[in-house]
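Student: Following this message is one structure expressed as structure tokens.
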Amino acid sequence: MEIMDQIKKGTTTVGLICDDSVVLASEKRATMGSFIASKAARKIYQVSDRIGMTTAGIVGDAQALVRIMSVESRLYKIRREEPMTVRAMATLLSNVMSGQRFYPYIVQLLIGGIDRSGAHIFSIDPFGGNTEEKEIAATGSGSPIAYGVLEDRYSKDISLEKGITLAIQALHSAMKRDSASGEEMEVVVITKKKYGELSEERVKKLRGSFN
């Protein structure tokens, strides 16, 4: 546990369901203890046509899991001639991580996306614990602050535009108080029609309203 504490990385990622869509957001700071190792770290990855994964934790572990899930998703689609569901993706990822209990992946992940049954977000812990989050989710060292904003402002009937703004506001608040979270933001929106990333200009404009 002492070794895990020494190598643990801080970050903040959030996810929420709104208007039959999924919004995933993260800041871009990567730390090694008190040292800022990167100011442009990627923390949201597309692992299927309509599924994204946010990562908090050891960068190498996260990237290895992204590669595994991307390959498994493509193989599934080839064999079954249909895309993997979000639940199936989360279950498979949970099984992969559970199989490494003695040498665990030091990560905390969100899997979010759209499938034939609608929008879904799952939270997965380092030992493979798999929880479906019905509305909102946050991971990383800044997650307690992000949750405070999300739980205060989120409603089940929130529109997609307001959901995007709320995700950015939650991240912005976490970045102001958590030293391991900072720099720029990346925001991904997943709808039935597409998987898309918001432009830097739009993110900066929305973020500017909270300064």
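Only the coordinates and a few stated rules stand behind these numbers; no lab work does. Fair warning: this is a prediction, and the values are worked out from it, not measured in the lab. All Cβ positions, glycine included, derive from the backbone under ideal geometry; neighbour counts span all protein chains shown.
Student: Which order do the peptides 200-208, 111-119 take when ranked by the mean count of other beta-carbon atoms within 10 Å per residue, highest first?
Tutor: Highest-to-lowest ranking by the protection proxy: 111-119, 200-208.
Student: On the principal axes of its Cα set, how long, how wide and how thick is the chain? Give whole Å, largest value first.
Tutor: Result for the chain: principal-axis Cα extents of 49, 43, 27 Å.
Student: While we're looking at this one, here's another question. Against the globular-protein guess of 2.2 N^0.38 Å, express the Cα radius of gyration of region 102-191 as a ratio, rounded to two decimals.
Tutor: Compared with the compact-globule rule of thumb, region 102-191 sits at 1.14.
Student: For region 20-142, what is the Kirkwood estimate of the hydrodynamic radius, computed as the reciprocal of the mean inverse distance between distinct Cα atoms, to one decimal in Å?
Tutor: 14.8 Å
Student: I've got another one for you. For a label point 7 Å from the Cα of F210 along Cα→C-beta, name the residues of region 154-181 whose backbone N is under 17 Å from it.
Tutor: Counting only backbone N, you get 154-155, 159-181.
Student: Measuring from centroid to centroid over Cα atoms, what is the spacing of region 11-84 and region 106-158 in Å?
Tutor: Centre-to-centre (Cα) distance: 13 Å.
Student: At R0 = 22 Å, how high is the FRET efficiency between K162 and A88 if r is their beta carbon distance? Nearest 0.05 is fine.
Tutor: Working: r = 30 Å, r/R0 = 1.36.
Efficiency, rounded to the nearest 0.05: 0.15.
Student: Continuing with the same structure: If each DSSP helix of 4+ residues adds -39,500 (n - 2.57) and the sum is divided by the residues in the chain, what number results at 222 nm, nearest 500 deg cm²/dmol?
Tutor: Result for the chain, helices only: -12000 deg cm²/dmol.
Student: Separate question: When the label point is put 7 Å from the Cα of E151 along its Cα-to-beta-carbon vector, which residues of region 175-189 have a backbone N closer than 20 Å?
Tutor: 175-178, by backbone N distance to the label point.
Student: Subtract the Cα-Cα distance of K176 and I36 from 0.36 nm times their separation in residues, and report this length gain in nm to one decimal.
Tutor: 48.9 nm
Student: Give the relative contact order (percent, whole number) for region 2-208; include only Cα pairs under 8 Å separated by 6+ residues. Intermediate results must be reported in sequence, preceding the final value.
Tutor: On the way: 476 pairs, mean separation 62.1, N = 207.
Here the relative contact order equals 30 percent.
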